[in-house]
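Each value in this text was obtained by applying a stated rule to the coordinates, not by laboratory testing. Since the model is a prediction, treat every value here as computed from it, not as a measurement. Heads up, the Cβs are rebuilt from the backbone with ideal geometry, glycines too, and the neighbour counts pull from every protein chain shown.
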Amino acid sequence: MRIFDPHIHMTSRTTDDYAAMAAHGVKAVVEPAFWLGQPRTNPGSFADYFDSLIGWEPFRAAQYGIKHHATIALNPKEANDPRCRGVLDLMPRYLDKDGVVAVGEIGYDAMTPVEDEVFAAQLAMAVEFELPALVHTPHRDKAAGTKRTLDVVKESGIEPGHVLVDHLNEVTVGIVKDSGCWMGFSIYPDTKMSPPRMVDILKEHGLERMLVNSAADWGKSDPLLTVATAEAMLAAGFTTDDVDLVLWQNPVAFYAQSGKLDLAESATEATFEGSSILRGGS
Amino acid sequence: MKLDELRAALAGHEWLAEAEVRVKADPAALPSLFARADRKLGRDEVVPGWTAGQAGRALLLKDQDQEQIRQLYDHGDAAEKLAILKALPLLDTEREGAGVPLLLDALRTNDTRLVAAALGPYAEHLDAATWRQGVIKVVFMGVPLAAVADLDERADAELATMLRSLADERAAAGRDMSADAIALLNRWEA
Ligand SMILES: [Zn+2]
């Protein structure tokens, strides 16, 4: 079983998590830029964070044989702080980087006018840089938020096939499916979405354009819930090919639209004159 | 290694020729082209120790002033930083050692690729104390000492003392120091 977690905030996870993920078949992750719990107050804090998403974190992941890519954005929650608006000016230089495979997470938090503006501006950047977009749906007032999200996506002119709408549930999956966008589901320990409910959604809506992630971060979350969902699919009678489609091929197909997804083992990266130099701090 | 050899190795790469023309016409185009060089030129080795992307990046740095190179480094991802560290000894503008702050930045990281690259040929511009700390860090991180340029010429009694102390600390913990570091120490203690 090979697993691609298309949405996980590894910056907030330990090396034990990397080891456990690798042991259970997680071979690739995408880490979307998002908030960090403690609100930031200036663009410089974002620059250092973005730099770690394309520098230190991929190096850390590589020590466990895991390929790490990132998505870059000003998230909707912090977009509401005028002191952080300058982050939009930093983004073009990051969107050019090899490790950045989408604009994201963008979308709505509290659905303010400022969020409207920043969401639209970043969808325009995705079009300009020919990148897919990872769109977060709000956890409160989700149905209305998802509908409004799809309206903004449509208005922006971005191809629906270049958009992944995330954190969906039984109530919101249908309209996203009809829109032509990809559908993301974040599996959490107790609330929001569980492996058995996910299996039911797959039975009802099919496997096409479906992605499953752990969205693990610094909150109560579990980076192995992708694996648990794969196991629940098998237990419910799905085949290993079905599991591979949802937990590997779909996320690969979505992010490969960036032209930058690199899943090859790089010999020159991992070795120096034939010896591994990825050990670090022995 | 010389820039001419890297250029010869990349002969026929149209993307690079076009990128160089664009940078000449509009220096502001450099950061974006520099960021894209790896995926445009590829990551295969074209001359020993240099991938096509690294060689192309070194050529894009030719004729850039130090300020521009600093900024590319500061704004670079790990692969861009690595390419710049490797290119420093080949660049006329950096001949006098002006690029040392970049080596110091790389030596502060915990990325073994950057630390190793900081101890390449350009490390001749590092003062002795910084260089010794770099060598000890390489041993500590488990990076082969082959990464260190001019190791035998530059190793001194003080480095040997530091290595001995690390070896004793490792021995007390029931752990070995790497074979290449022990060999270096033995040459000094013989
Ligand atoms: Zn997230």
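Please list, in order along region B:154-159, the HN-Hα scalar couplings obtained from phi with the Karplus expression 6.51 cos²θ - 1.76 cosθ + 1.60 (θ = phi - 60°), rounded to whole Hz, x for Gly and Pro.
Per residue, the Karplus-derived 3J(HN,Hα) values read 9, 4, 9, 4, 5, 4 Hz.
When only C-alpha pairs under 8 Å and at least 6 residues apart count, what is the relative contact order of chain B, in percent?
13 percent
Lysines near B:Lys81 by alpha-carbon distance under 30 Å, same-chain residues fewer than 8 away left out - which ones?
A:Lys27, A:Lys67, A:Lys97, A:Lys260, B:Lys2, B:Lys24, B:Lys40, B:Lys62, B:Lys137
Points 7 angstrom from Cα along the Cβ direction at B:Lys24 and A:Asp222: gap in nanometres?
6.2 nm
Taking θ = phi - 60°, what integer Hz values does the Karplus form 6.51 cos²θ - 1.76 cosθ + 1.60 yield along region A:189-200, in sequence order, with x for Gly and Pro?
With coefficients 6.51, -1.76 and 1.60, one gets x, 10, 9, 6, 7, 10, x, x, 5, 4, 4, 4 Hz.
DSSP loop (so not H, G, I, E, B), at most 15 other Cβ within 10 Å: list which GluC sites (Glu not before Pro) in region A:141-208 pass both filters.
Passing sites in region A:141-208 are A:Glu170, A:Glu208.
Could you pull out every one of the lysines with an alpha carbon less than 30 Å from that of A:Lys142, ignoring same-chain neighbours closer than 8 positions?
A:Lys77, A:Lys154, A:Lys177, A:Lys192, A:Lys203, A:Lys220
Along region A:37-42, what does the Karplus equation 6.51 cos²θ - 1.76 cosθ + 1.60 (θ = phi - 60°) give for ³J(HN,Hα), rounded to whole Hz, x for Gly and Pro?
x, 7, x, 8, 10, 7
On a 0 to 90° scale, report how tilted helix B:128-141 is relative to the longest principal axis of chain B, with both axes built from alpha carbons and the result rounded to the nearest 10.
The answer is roughly 80 degrees.
Starting from the Cα-Cα distance between B:Gln71 and B:Val47, subtract it from 0.36 nm times their residue separation and give me the gain in nm to one decimal.
Between B:Gln71 and B:Val47, full extension yields 5.9 nm more.
Could you compute the FRET efficiency for A:His139 and A:Thr239, with r as their C-beta to C-beta distance and R0 at 35 Å, rounded to 0.05?
After rounding to 0.05, the efficiency reads 0.60.
Loop only per DSSP, at most 15 neighbouring Cβ atoms within 10 Å: give me the trypsin sites (Lys or Arg not before Pro) in region A:101-172, ordered by residue number.
A:Arg140
Given springs between every Cα pair under 10 Å in a Gaussian network model of chain A, which of A:Thr137, A:Thr149, A:Thr14 has the largest fluctuation?
A:Thr14
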